[in-house]
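These notes are about the structure you will find just below.
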Amino acid sequence: MKMGSKVENGGKDEDGEGLGWGSSLPVPSVQEMVRNDSKTIPERYIQKHEERPLDSQMCQVSFEIPIINFSLLANGDEEERGKLDFACKEWGFFQIIDHGVADEVLTKMKAAVEAFFALPLVEKQKYAMAANDLQGYGQGYVVSDQQKLDWNDLMFLMTLPNKYRNFKYWPTTIPGFKEAVEQYSEQIQKLTCEIFANLSILMGMERNGLEELHGEMKQGMRLNYYPTCFKPELVLGVSPHSDASSITLLLQDDDITALQIKHDGGWVPVKPIPNAIVVNMGDAMEGWSNGMYKSIEHRAVTNAMKPRISVATFVIPAEEAEIGPLEPVLQNSCSPKMYKNVKYVDYLRYTLGGKMDGKSSLQLLKLESE
Ligand SMILES: O=C(O)CCC(=O)C(=O)O
Ligand SMILES: [Fe+2]
């Protein structure tokens, strides 16, 4: 979301009425376009010069985002919790290792995504997003015929709570797909709760503080497929955006570096660590923490050699949750209140209603525009 993009419709009703959070215009499948003609890049995908993934915009220093050892965190290790605090303040992103999600579950999840995108187009189209919905197979954040498009196809599924699963969008004919998503969803949820317990303590609350603030916590997954591009310097896999979630947990291919995050004014590539999960702060956490934890702009680039998949799991507060700065955070810091109290659903509708555009939606949350 912004949540990556597109997102959701969470199965509000069986007839395919959307989640009520937004919708996206239908556009062609990039995967299919490349399959038919790999040497043409339609104008709509060619980024303006200043948006292209040029090396010159890259951070000149080579940085690595922080690495957090989850088993230390889960054992109450204070030094590791301090590292988490630093990572959220200085980077908004970290990689988590020893996270407790079984390797087998990660492997099955990636295989399920690959199997879905390997289906013939007509099969995939059976799960196409409805016009009023963000769930299903399609593209994200397409709101006008004029806007530039990302070099990406996606599938968005609401995964938790169970009642939000709308199986008409789940390719359950793929053996193992449902089981893989369900297992991954459950294990990621455990990881999410432990991360929130630690962040709650760091923000001056009880361990269950953030969980309670979410109200009915939801989980949605964006399965991304980035086809190869013969001129990767002209396109973006995903345009710069921040996630509208509270946090996002990303599973990505081990051997392709494509995700880049904004840091010190430049783009820093996130080099995959095998079986690690990349975690980032979303817009809701930035609001709750009064900007102490940053929802960082990120993007994904493509390459000419190998398609890439990723799975972004968005943790989504309840519609009625308020995402303004929390009292304990304000009390423990010397900075004034910088963000408004906004009802989460209002923020979501606003942010999902526009093309992803860096951190522009976050301005809605800020008290003074900078
Ligand atoms: O594929 C990636 O590395 C990033 C995906 C992403 O940012 C998103 O889906 O929100
Ligand atoms: Fe994202």
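Side notes on the structure shown:
- Asn275 vs. criteria in contact with a Pro (Cβ under 8 Å, 6 or more places away or on another chain) and on the phi > 0 side of the Ramachandran plot: no
- Only one of Met305, Met281 that is modelled with pLDDT of 95 or more and touching a Cys at 6+ places or on another chain (Cβ under 8 Å): Met281
- Conditions (1) at pLDDT 95 or above; (2) farther than 30 Å from Asn166 by Cα; (3) within 24 Å of the chain's Cα centre (by Cα): number failed by Val30: (2)
- Within the stretch 30-53, no residue that is over 13 Å from Lys148 (Cβ atoms) and among the aromatic types (Phe, Trp, Tyr) sits with its Cβ atom under 9 Å from a residue that is at pLDDT 95 or above and open to solvent by less than 70 Å² (accessible area, probe 1.4 Å) at 6+ positions apart or across chains.
- Those strands (runs of 3 or more DSSP E) of the stretch 209-319 in which at least 2 residues are charged (D, E, K, R) and either touching a residue at least 12 places away in the same chain (Cβ under 8 Å) or open to solvent by less than 30 Å² (accessible area, probe 1.4 Å) (or both), considering only elements entirely within it, cover 218-226.
- The one condition in (1) farther than 28 Å from Asn132 by Cα; (2) open to solvent by 10 Å² or more (accessible area, probe 1.4 Å) that Leu191 fails to fulfil: (2)
- For the residues Ile65, Ile41, the requirement of being modelled with pLDDT of 90 or more, surrounded by 14 or more Cβ atoms within 10 Å (Cβ to Cβ), of a type in the set (Val, Ile, Thr) and within 16 Å of ligand 2 (Cβ to nearest atom) singles out Ile65.
- The C-beta contact set for the stretch 350-363 (first residue under 18 Å from Lys262 (Cβ atoms), second residue open to solvent by 50 Å² or more (accessible area, probe 1.4 Å) and at pLDDT 75 or above, distance under 8 angstrom, 6+ apart or interchain) comprises Thr351/Leu364; Ser361/Tyr350.
- If you go through the stretch 338-351 and keep only what is part of a loop (DSSP other than H, G, I, E, B) and open to solvent by 80 Å² or more (accessible area, probe 1.4 Å), you end up with just Asn341.
The values are calculated or read from the model by the stated rules, or taken from the named source; none is laboratory data. Every value quoted in this text rests on a predicted model; they were computed, and no experiment measured them. Positions of Cβ are backbone-derived with ideal geometry, glycine not excepted, and every protein chain shown enters the neighbour counts. Areas reflect the complete protein model, heavy atoms only, side chains present, ligands, DNA and RNA absent. Shrake-Rupley method; radii C 1.70, N 1.55, O 1.52, S 1.80 Å.
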